[in-house]
Amino acid sequence: MRLAAARAQSLVVPRKRVSADSVKVSRQRRKVVFARQRIAQVSHKAYLQARVDRDIGVLFRAVGPLIEELDNIYRRAKYKTFGFWVRLPVRGLTGLVQGVRHAAQRSS
């Protein structure tokens, strides 16, 4: 799916053994992948800005809504959150979002 999207944008991509369109990806899975890509893009820029501003709240305010969006996608699809999120000290994506909100409020 990501390979097909990169080709559609005329980006250079490595040669793969499996063709880009050979595997069907569900609509829900596409939403998950695109949401995670948005989080990655935004978090890199927001992190750099947070470093410049010396304010971690910049990162939390930028990424928080995107994490909520991803959490909603998982809930609608009735997916279980991946083990990484479950092992977080703040108990899953919902706890992470609450922690992000709390940190953002403290920094503003």
Condition first: modelled with pLDDT of 70 or more and among the charged types (D, E, K, R). Can you find one or more residues in the stretch 82-92 that meet it?
no
Within the stretch 8-30, restricting to residues that are of a type in the set (D, E, K, R) and at pLDDT 80 or above, the one that is farthest from residue 70 (Cα to Cα) is 27
Every residue from the stretch 25-48 that is farther than 17 Å from residue 2 by Cα and either basic (Lys, Arg) or without any contact (Cβ under 8 Å) to a residue 12 or more places away in the chain (or both):
44, 45, 48
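Limited to the stretch 50-67, what total is found for residues that are surrounded by fewer than 16 Cβ atoms within 10 Å (Cβ to Cβ) and either closer than 26 Å to residue 5 by Cβ or in contact with a Gly (Cβ under 8 Å, 6 or more places away or on another chain) (or both)? Lay out the reasoning, then the answer.
In the first step, residues of the stretch 50-67 are kept if they are surrounded by fewer than 16 Cβ atoms within 10 Å (Cβ to Cβ); the result is 51-55, 65.
Keeping just the survivors that are either closer than 26 Å to residue 5 by Cβ or in contact with a Gly (Cβ under 8 Å, 6 or more places away or on another chain) (or both) gives 65.
Of the residues in the stretch 50-67, 1 are surrounded by fewer than 16 Cβ atoms within 10 Å (Cβ to Cβ) and either closer than 26 Å to residue 5 by Cβ or in contact with a Gly (Cβ under 8 Å, 6 or more places away or on another chain) (or both).
Evaluate the following for residue 100: is it under 18 Å from the mean Cα position of the chain (by Cα), in a helix (DSSP H, G or I) and at pLDDT below 80?
On the way: under 18 Å from the mean Cα position of the chain (by Cα): yes; in a helix (DSSP H, G or I): yes; at pLDDT below 80: yes.
When the stated conditions are applied, residue 100 passes them.
The values are calculated or read from the model by the stated rules, or taken from the named source; none is laboratory data. Just so we're clear, the structure is a prediction, and the values are computed from it rather than from any experiment. All Cβ positions, glycine included, derive from the backbone under ideal geometry; neighbour counts span all protein chains shown.
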